[in-house]
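**Q** Here's a structure for you.
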Amino acid sequence: MKPYLPIVFVVALLAIVPFVTTSNVVLNFLVTTLLIALAGQGWNLLGGYGGQYSFGHAAFFGTAAYATAILQVRYGVNAWLGLVAGILAGALVGAAIGVLCFRSGLRGSYFSLVTLAFAEVLRIISSVAPITGAGVGTLIKLDLRPEAFQFQSRVPFYWIILALVALSLVAVRATENSRFGAYLVAIRENEDAASALGINTFAVKLAAMTISAAITSAAGCFYAQYFLFIDAAIAYGPRISIDALLAPIVGGAGTLFGSLFGALAIKSLGEATKLVAGDAPGLDLVVYGLLLIAVVGFLPRGMAGLMAAVVPRGFRTALPAERDHA
Amino acid sequence: MPEPMLIVDSVSRRFGGLLAVDKVSLQINPGQITALIGPNGAGKTTLFSIISGFLPPDEGRIVYDRIDVTAEPPYKLARRGIARTFQLVQPFPGLTVRENIAIGAHLWQRSRAAALKLADQVARSVGLGAQCEAPAATLTVAGSKRLELARALAIAPRLLLLDEVLAGLNPSEIRDMVPVIRALTGTGMTILMTEHVMQAVMSLAEQIFVIAEGRVIARGTPADVAADQRVIEAYLGRGAAHRTAAGNAHA
Amino acid sequence: MLSPVILVPAVINGLMAGAVYALVALGLTLIYGVLHIINFAHGALLTAAMFAAFFAFTLFGIDPYLTAIVLTPLFFGTGYALQRFIIGPAAHGEDRGFLLVTLGLAVVIENTLLYFFRADTRTINLPYAFDVIEIGPAFVAVPRVIAFAAVIAVAIGLWAFMHWTDTGKAIRAVAKEKLGAELCGINVAHIYGVTFGVGAACVAIAACLLIPTYYVNPTAGEAFVLIAFTIVVLGGMGSIPGALLGGLCVGVVESVSSIFLGQSLGQIGIFIMFIAVLLARPSGLFGARL
């Protein structure tokens, strides 16, 4: 129970928010932040812990979002079933891409490139295919009933995304303390040495990719329900791929709360940028790009690295991913 | 005579135009320390990579415990009980010494706690007990070699392949390491080592194979091999071989 | 469908288009061959150069081919500075660092362009853009022929630079054996900067060659970059002749297959070819570093 206490603490803290404020602005900000935190936690498992940097996590996000939207709109499937189906669909795509990449022994930059390419292929296909609504996208009909996974107020949405984030935190924590997690980190640190110690690196990487895809897929499904609209650019565009990797890198890749804290940081920065410079498209991504360069250059272990320097050992929850080894 | 644990049967391997390993056959007996020696570039590390599954042979077979394991990937061999250290140490740099060893321990221990506990024990057995918390990247060369050894031991192997485990150590560090290696056979472990440090090989090995230019040119006990003309010639050249023979003739 | 009257022009046009792909790939392969990094910012740099060429024409009336004379050294300097003062230091020499920093750079450049110039697609109208030259059964647009000739010239120039100048030899030395080169007194950080600068310069030239016949918007460069990546992997990482030949091949393949598949599916074809090539050729064949 002890390793899960920090999660309980953080989640409890976040759970208090709707009781403290009814401001839609604050709630919306937190919902979208938690959405990114969830998508990023998926990336974090594969990239932060496993060292496999995917530049195309949108492939899973978008597949899940489209899956749940299409099932609801074209086949009348219940939205909650859609959630499950979406996660499965995204996980399946993750497994498929994983098999292709890892069977071929793709590592490092090649892996990143190929995942980017896969996301792009999906984007192009979904922008012309009739089933996704092609260029117009897919709109989920407004149906404000809990059974339809839609709510009048933002508060239930907040609870749900918080619950999903909490689940993802528990999942990652459990991984950290398991043999699977140890093997994943070993692969990140030195894949050849790992295989000499009996680790089936293909199987471990594939499992990590599938779980990672599932977590990010959950975020995709939630997005579809919260915004009720999805199109090729939103689903498979570079924006979500960048959000998913930036949040954990800023917060501390390979740490439990890295994605959550990172998401808070980048969303706050994004909002601040909008306040200062207006709503022009692109500016917040410019800031994100600069942030990425700055973090890699000055704070390679992200905010977790900062905290590790400040917070005494006993209170730390996880081993930061150490990459400053030349 | 007990059944050989490992049989290397007529193994060959080319790299482009270079025949690195040329129909090499050898047998490793259980519970013994066997050494592979030979001048630089003789093909020892290539042979090691083939035996440990990192490189497939072009011809020949590797038979372990009567099972043909040719070209099986390293992780499968590890599960069969073959462990290997690397000539250029390959630690997990971001992890502590204990965590490094625990990765190995996890092969047979599912629980994290059990693996970490076993890691502690193994660390102590190679003399790294005091450095369990240290990040692997901060170890000295000697410490890294011990870590390399500890990690391999943690998978509870029956056959341990040591690839120049003494390379880069100064004489006093070698003196400290040799008893650690010798103690391993006390537990019934079989060891195949490649080495350049002659005094260690001569004092540790019970059986030696000499490889030069990809071929086995001599085999036997340390005494046999030290006196073998072909071995002297391979290391020191034909002239030296004659001079030694002449010197021995006078003695 | 396969009659020579249709095929030959398609092949010739493919060669023309392929030449520009090759030039973009040339810069990329050079950067990979020497720095051993995949420059994710390559496409963004191409887009920036295209915007520069575009505005040089629309605001000042300067012909793109003349713009190239100024833009090339400008981009060389920018590329040099980027590598020497931002990418190199920030990456701390790690592959993952380069990956993320060049990605960040790409995001910054593309979105800066987006912020200032919006997402509209623009083209320029050159008076001679639609003049054609007759080559056999094909009518080829003049800018494309100029582009082809220019790329061949640049490739020859680059080859000469690499083999006959001291800097070029230093670059090849660093590419082969960085530590050894350093021990011989070569300033590796400087060479890295020069290489990146040359890569950026290639992209600047390519942009000026493209702008007469191609559109520009903040994501225009991206399309070229994945094609360039495919070419680099096909032609061999770090090989200049490989990039050239690979580019020409890809241009022809794209041109011929768009007869059958149409334009947008043609784009998917490039991506799928890219994925297929990477999956079929394990990274072990090309770069132990990755």
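**Q** Might you check whether a residue that is touching a residue at least 12 places away in the same chain (Cβ under 8 Å), under 17 Å from the mean Cα position of the chain (by Cα) and crowded, with 24+ Cβ neighbours inside 10 Å occurs anywhere in segment A:182-190?
**A** No.
**Q** For segment C:149-178, enumerate the residues that are under 16 Å from C:L28 (Cβ atoms) and in contact with a Lys or Arg (Cβ under 9 Å, 6 or more places away or on another chain).
**A** C:M162
**Q** Let me ask something else. Go through (1) at pLDDT 90 or above; (2) buried (at least 21 other Cβ atoms within 10 Å of the Cβ) one by one and return the number of the condition B:G214 breaks.
**A** Going through the list (1) at pLDDT 90 or above; (2) buried (at least 21 other Cβ atoms within 10 Å of the Cβ), B:G214 breaks only (1).
**Q** Output the number of the condition that B:L107 fails; it satisfies all remaining conditions of (1) without any contact (Cβ under 8 Å) to a residue 60 or more places away in the chain; (2) more than 9 Å from chain A (Cβ to nearest Cβ).
**A** Of the numbered conditions (1) without any contact (Cβ under 8 Å) to a residue 60 or more places away in the chain; (2) more than 9 Å from chain A (Cβ to nearest Cβ), the odd one out for B:L107 is (2).
**Q** Oh, and also: Do any helices (runs of 4 or more DSSP H) entirely within segment C:49-140 hold 1 or more residues that are of a type in the set (D, E) and facing chain A (nearest Cβ under 8 Å), and if so, which?
**A** C:95-117
**Q** I've got another one for you. Would you please name the residue that is farthest from B:F86 (Cα to Cα), looking only at residues in segment B:189-210 that are modelled with pLDDT under 90 and either outside any helix (DSSP H, G or I) or not assigned by TED's automatic domain parsing to the domain that holds B:I50 (or both)?
**A** Once the filter is applied, the top-ranked residue is B:V197.
**Q** Only residues that are more than 20 Å from A:P3 (Cα to Cα) and not hydrophobic (A, V, I, L, M, F, W, C): list them for segment B:110-132, please.
**A** B:D120, B:Q121, B:R124, B:S125, B:G127, B:G129, B:Q131
**Q** Surrounded by fewer than 23 Cβ atoms within 10 Å (Cβ to Cβ) and touching a helix residue (DSSP H, G or I) at 6+ places or on another chain (Cβ under 9 Å): is that true of B:I7 in this structure?
**A** Here the answer is no, as B:I7 does not meet what is asked.
**Q** Here's something else I'd like to know. Just checking, does segment C:196-218 include any residue being within 14 Å of chain A (Cβ to nearest Cβ), crowded, with 20+ Cβ neighbours inside 10 Å and small (G, A, S)?
**A** no
**Q** Could you list all residues from segment B:81-104 that are more than 9 Å from chain A (Cβ to nearest Cβ) and either of a type outside the set (A, V, I, L, M) or not in a loop (DSSP other than H, G, I, E, B) (or both)?
**A** Listed by number, the residues that qualify are B:G81, B:I82, B:Q87, B:V97, B:R98, B:I101.
**Q** If I filter segment B:146-157 for residues that are farther than 21 Å from B:R79 by Cα, out of contact with any His (no Cβ under 8 Å at 6 or more places or on another chain) and more than 10 Å from chain A (Cβ to nearest Cβ), do I get at least one hit?
**A** yes
**Q** Out of all the residues in segment A:71-90, which are among the β-branched types (V, I, T), assigned to a helix (DSSP H, G or I) and surrounded by fewer than 22 Cβ atoms within 10 Å (Cβ to Cβ)?
**A** Of everything in segment A:71-90, those that are among the β-branched types (V, I, T), assigned to a helix (DSSP H, G or I) and surrounded by fewer than 22 Cβ atoms within 10 Å (Cβ to Cβ) turn out to be A:V73, A:V84.
**Q** Follow-up. Quick check on my filter: what residues within segment B:85-111 are closer than 21 Å to A:P300 by Cβ, of a type in the set (A, V, I, L, M) and in contact with a Ser or Thr (Cβ under 9 Å, 6 or more places away or on another chain)?
**A** If the condition is that a residue be closer than 21 Å to A:P300 by Cβ, of a type in the set (A, V, I, L, M) and in contact with a Ser or Thr (Cβ under 9 Å, 6 or more places away or on another chain), then no residue fits.
**Q** Right, next: For segment C:156-177, state whether one or more residues are more than 22 Å from C:F40 (Cα to Cα), hydroxyl-bearing (S, T, Y) and assigned to a helix (DSSP H, G or I).
**A** Yes; the residues of segment C:156-177 include at least one that is more than 22 Å from C:F40 (Cα to Cα), hydroxyl-bearing (S, T, Y) and assigned to a helix (DSSP H, G or I).
**Q** From the list B:A119, B:A71, exactly one residue is out of contact with any Lys or Arg (no Cβ under 7 Å at 6 or more places or on another chain) and without any contact (Cβ under 8 Å) to a residue 60 or more places away in the chain. Which is it?
**A** Sole residue among the options that is out of contact with any Lys or Arg (no Cβ under 7 Å at 6 or more places or on another chain) and without any contact (Cβ under 8 Å) to a residue 60 or more places away in the chain: B:A71.
**Q** Another question about this same structure. Look at segment A:177-193 and say how many of its residues are in contact with a Lys or Arg (Cβ under 9 Å, 6 or more places away or on another chain), over 21 Å from A:V93 (Cβ atoms) and in a helix (DSSP H, G or I).
**A** Count: 6.
Quick grid of which residues meet (1) among the hydrophobic types (A, V, I, L, M, F, W, C); (2) under 23 Å from the mean Cα position of the chain (by Cα); (3) away from chain B (no Cβ under 14 Å); (4) not in a helix (DSSP H, G or I):
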{"site": "A:S126", "(1), (2), (3), (4)": "no, yes, yes, no"}
{"site": "A:D143", "(1), (2), (3), (4)": "no, no, yes, yes"}
{"site": "A:S168", "(1), (2), (3), (4)": "no, yes, yes, no"}
{"site": "A:A207", "(1), (2), (3), (4)": "yes, yes, yes, no"}
{"site": "A:I211", "(1), (2), (3), (4)": "yes, yes, yes, no"}
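**Q** Of the conditions (1) more than 16 Å from A:L46 (Cβ to Cβ); (2) within 11 Å of another protein chain (Cβ to nearest Cβ), A:L162 clears all except one; give me its number.
**A** Going through (1) more than 16 Å from A:L46 (Cβ to Cβ); (2) within 11 Å of another protein chain (Cβ to nearest Cβ) one by one, A:L162 breaks only (2).
**Q** What number goes with the only condition from (1) within 7 Å of chain C (Cβ to nearest Cβ); (2) over 19 Å from the mean Cα position of the chain (by Cα); (3) under 25 Å from B:P73 (Cβ atoms) that A:F102 does not pass?
**A** It is condition (1) that A:F102 fails.
**Q** Looking at (1) modelled with pLDDT of 95 or more; (2) surrounded by 18 or more Cβ atoms within 10 Å (Cβ to Cβ), which is the only condition C:F57 fails?
**A** (1)
**Q** Let me ask you something else. State the number of residues belonging to segment C:61-105 that are within 29 Å of A:A294 (Cβ to Cβ), crowded, with 17+ Cβ neighbours inside 10 Å and among the aromatic types (F, W, Y).
**A** 4
**Q** Looking for something in contact with a Lys or Arg (Cβ under 7 Å, 6 or more places away or on another chain) and either within 26 Å of B:V8 (Cβ to Cβ) or modelled with pLDDT of 90 or more (or both) - is there at least one such residue anywhere in segment B:138-151?
**A** Looking through segment B:138-151, none of the residues is in contact with a Lys or Arg (Cβ under 7 Å, 6 or more places away or on another chain) and either within 26 Å of B:V8 (Cβ to Cβ) or modelled with pLDDT of 90 or more (or both).
**Q** Moving on to the next point. For A:N177, work out the one condition from (1) away from every other protein chain (no Cβ under 14 Å); (2) polar (S, T, N, Q); (3) surrounded by fewer than 17 Cβ atoms within 10 Å (Cβ to Cβ) it doesn't fulfil.
**A** Result: A:N177 fails condition (1) only.
**Q** From the list A:L46, A:L30, pick out the single residue that is under 13 Å from the mean Cα position of the chain (by Cα) and modelled with pLDDT of 95 or more.
**A** Going through A:L46, A:L30 in turn, the sole match is A:L46.
Matching residues to (1) in contact with a helix residue (DSSP H, G or I) (Cβ under 6 Å, 6 or more places away or on another chain); (2) on the phi < 0 side of the Ramachandran plot; (3) modelled with pLDDT under 95; (4) surrounded by fewer than 18 Cβ atoms within 10 Å (Cβ to Cβ):
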site: A:S212; (1), (2), (3), (4): yes, yes, no, no
site: A:I215; (1), (2), (3), (4): yes, yes, no, no
site: A:I230; (1), (2), (3), (4): yes, yes, yes, no
site: A:P238; (1), (2), (3), (4): no, yes, yes, no
site: A:A263; (1), (2), (3), (4): yes, yes, no, no
site: A:V286; (1), (2), (3), (4): yes, yes, yes, no
site: A:L291; (1), (2), (3), (4): no, yes, yes, no
site: A:F298; (1), (2), (3), (4): no, yes, yes, yes
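**Q** Answer with yes or no whether C:P241 is buried (at least 16 other Cβ atoms within 10 Å of the Cβ), part of a helix (DSSP H, G or I) and not small (G, A, S).
**A** No.
**Q** Restricting to segment A:130-141, what's the tally of residues that are part of a loop (DSSP other than H, G, I, E, B) and surrounded by fewer than 13 Cβ atoms within 10 Å (Cβ to Cβ)?
**A** Residues that pass the stated criteria total 1.
**Q** Just the residues that are within 9 Å of the chain's Cα centre (by Cα) and at positive phi, please, taken from segment A:243-258.
**A** None - no residue of segment A:243-258 is within 9 Å of the chain's Cα centre (by Cα) and at positive phi, so the list stays empty.
The values are calculated or read from the model by the stated rules, or taken from the named source; none is laboratory data. For clarity, every value in this text was computed on a predicted model and none was experimentally measured. With ideal geometry, Cβ positions are generated from the backbone for all residues, glycine too; neighbour counts draw on all protein chains shown.
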